[in-house]
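Since every read-out is calculated from the coordinates, none of them should be taken as a lab result. Treat the numbers as computed from the prediction; the structure is a model and nothing was measured. When we count neighbours, we look across all protein chains shown, and the Cβ atoms used for this are built from the backbone with ideal geometry, even at glycine.
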Amino acid sequence: MLLFSIFGEPVTHSISPRLHNNAMCDLKINGCYVRQAITEPSMLIPTFHAMQLDGANVTVPHKEVAFAQCDEVRGIAQNIGAVNTLVKEKNKVIGYNTDAEGFYKAIASFGEMQNALILGAGGTAKAIAIILRQYGIKTHILNRSTSRLDFFKEQGFACTTWENFEIKPYDLIINTTSAGLKDISLPCPELLLETLFSQAKYAFDVIYNQSTPFLTKAHHLGLTCKDGKEMLLYQAVLAFDLFFHQRFTLNTIEASMRKAFEY
Ligand SMILES: NC(=O)c1ccc[n+]([C@@H]2O[C@H](COP(=O)([O-])OP(=O)(O)OC[C@H]3O[C@@H](n4cnc5c(N)ncnc54)[C@H](OP(=O)(O)O)[C@@H]3O)[C@@H](O)[C@H]2O)c1
């Protein structure tokens, strides 16, 4: 039997096991996907080997650690500096990032856009900034503090804090902060956000399964909105595709995983 796991802290809320187990069941694969909390970051890859896993996903807060610890990093993860998918290949652990492409697939239903503004500067912001640039969308990063902006400066992105930000129109505004996850806060000052929304077409929040104050405001101001559910779905579809070495079409995997959202 093949064995997969989600690694993170916490992992009890993760719906990755539901998505992957449903797809394996549907596609008649003899496999199982479990949850494993990792409290000590240095134990990530040793735990992968100890559990004799065939693959794993990595969530908050271990994506950067996973990047540093795996034997080889492939694809866009090399630019992002974070991996969310680990695949066993012979005795090596190969790291990939499917969050980035998952995000891009999630915004495919939005229309034409020239530029985007990312609120927040954490690991998710890195993945989104790198993929938007790959697809030719000019991207600015806006964060409440300077400490995490170094990565973006080094990569040549325009990036600022709230204090030195000069407002201009952006087609897409993306919330990658956890503002609104467990409270009713906005990811940046309200007046600034309202001005940005009044000039934008689309709003995206990486938080899923709840309407954050960010998305509620965007919706009231007439923007086309999307939460992080489809990003979550597509990163899982792409991870499954890597786990099973392109054995199934992406549409087949997606159809199986979509059913899991309905439970
Ligand atoms: N839908 C999906 O598939 C998906 C995929 C990946 C991640 N996520 C979600 O994305 C979120 C962010 O993850 P991450 O790993 O990027 O987090 P992270 O590395 O901790 O970064 C968080 C960023 O948000 C900023 N921030 C936090 N709270 C804020 C607040 N109240 N107001 C303004 N800024 C705030 C931080 O600013 P400072 O630098 O000033 O601290 C930081 O830049 C999590 O909720 C995660 O679950 C969703």
### Kirkwood Rh (inverse of mean 1/r, distinct Cα pairs), the chain, angstrom
18.9
### Query
If you place +1 on the Cβ of every Lys and Arg, -1 on the Cβ of every Asp and Glu, and leave all else neutral, what size is the dipole of the chain about its Cα centre, to the nearest 20 Debye?
360
### Query
What ranking do 32-42, 247-257 get when scored by the average of other Cβ atoms within 10 Å per residue, highest first?
247-257, 32-42
### Query
What are the extents of the Cα atoms of the range 10-122 along their three principal axes, listed from largest to smallest and rounded to whole Å?
46, 34, 28
### Query
Measuring from label point to label point, each 7 Å out along Cα→Cβ, what is the LEU181 to GLN78 span in nm?
3.0
### Task
Grab the other residues whose beta carbon is less than 9 angstrom from that of PHE110, score K and R as +1, D and E as -1, and report the net.
0
### Message
Cross-link candidates for LYS138: which aspartates and glutamates have Cα within less than 20 Å, leaving aside residues fewer than 8 places away along the same chain?
### Response
ASP99, GLU101, GLU112, ASP150, GLU154, GLU166, ASP171, ASP205
### Query
What are the semi-axes of the equivalent ellipsoid of the range 140-263, taken as the square roots of 5 times the eigenvalues of the Cα gyration tensor, listed largest first and rounded to whole Å?
31, 19, 13
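If you count, for each residue, the other Cβ atoms within 10 Å and average over each peptide, how do 120-126, 192-198 line up from highest to lowest?
Highest mean packing first, the order is 120-126, 192-198.
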### Task
For every other residue with a beta carbon closer than 14 angstrom to the beta carbon of THR139, add +1 if it is Lys or Arg and -1 if Asp or Glu, then tell me the sum.
+4
### Query
Too long at a 23 Å Cα-Cα cut-off: which of LYS88/LYS226; LYS88/LYS229; LYS90/LYS126; LYS126/LYS153; LYS182/LYS217; LYS105/LYS226?
LYS88/LYS226; LYS88/LYS229; LYS90/LYS126
